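The next block holds one structure in the form of structure tokens; read it before the comments.
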Amino acid sequence: MSADSQPQQQRRRWGVVVPLAVFAVLAAVFLAQLLSGRDTSVVPSALIGREAPPTDLPPLERMDLPGIDSTEFAGRVTLVNVWGSWCVPCRAEHPILMDLAQDERIVIAGMNYKDKPENARRFLAELGNPFDAIGVDDRGRTAIDWGVYGIPETFVVGRDGTIRYKHVGPLTSESVARDLMPEIEKALAEGS
């Protein structure tokens, strides 16, 4: 074996060992994440604890409800639910919102996201209207300000106008009992 072939063999070995080591490290990281027990569907929001973004959305036409004006959040605990008639998970969570609408301690504001007004009205006529206000975000710009990346999403806004909690995905009976209602109760207690 010549002296030139030894460095070439070492390079080949490193060419195999380094990618295998990188793969092993990445696999270990993914496995640790998988086994950690953390809910990977929970995405922290940078807005928690901050004032709700200034929002002034026009009302859904031909509905007898106001649009969304974030100055109206003051003094009330408000759920802001981002939804669309085209969103299948929004349809699935709708009965939960109808139940929440029975709680007179809270206000439910619906942010209608990138929807056609006639479709939104048809959706509400079919399933019922849980909202005290509906603001139309036809271009999705306001949802971006709120940090929405997929709907449905629901926010709890405290009496002081700060975002207390964010739920990503459709609300379920379990998520309401386990997460949402405790956050609503905390927000209600803070302002009394």
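In square nanometres and to one decimal, what's the mean projected area of the convex hull around the Cα atoms of the chain?
15.9
Can you sort ILE108, ILE68, ILE151, ILE48 by how many other beta carbons sit within 10 Å, fewest first?
ILE48, ILE108, ILE151, ILE68
Using Cα pairs closer than 8 Å and at least 6 residues apart in sequence, work out the relative contact order for the chain, in percent.
Across the chain, relative contact order equals 26 percent.
Just tell me which aspartates and glutamates come within less than 17 Å, Cα to Cα, of LYS186; anything on the same chain fewer than 8 places away is out.
Those aspartates and glutamates meeting the cut-off are GLU51, ASP103, GLU104, ASP160.
Quick one: longest stretch of the chain between exposed loop trypsin sites (Lys or Arg not before Pro), exposed meaning at most 10 other C-beta atoms within 10 Å and loop per DSSP?
Of all site-free stretches, the longest is 140-192.
Can you give the local net charge around VAL148? Use residues other than it whose beta-carbon is closer than 11 angstrom to its beta-carbon, Lys and Arg +1, Asp and Glu -1.
Charge balance near VAL148 sits at 0.
Taking a cut-off of 18 Å, what percent of all Cα-Cα pairs in segment 81-192 are separated by more than that?
Tail fraction, whole percent: 47.
What range in the chain is the longest one free of GluC sites (Glu not before Pro) that are in a loop by DSSP and have at most 15 other Cβ atoms within 10 angstrom?
105-192
Just so you know, all these numbers are worked out from the coordinates, no wet-lab data involved. Quick caveat: nothing in here was measured; it's all calculated off a predicted structure. Counting neighbours? That spans all protein chains shown, and the Cβs are built from the backbone with ideal geometry, glycine included.
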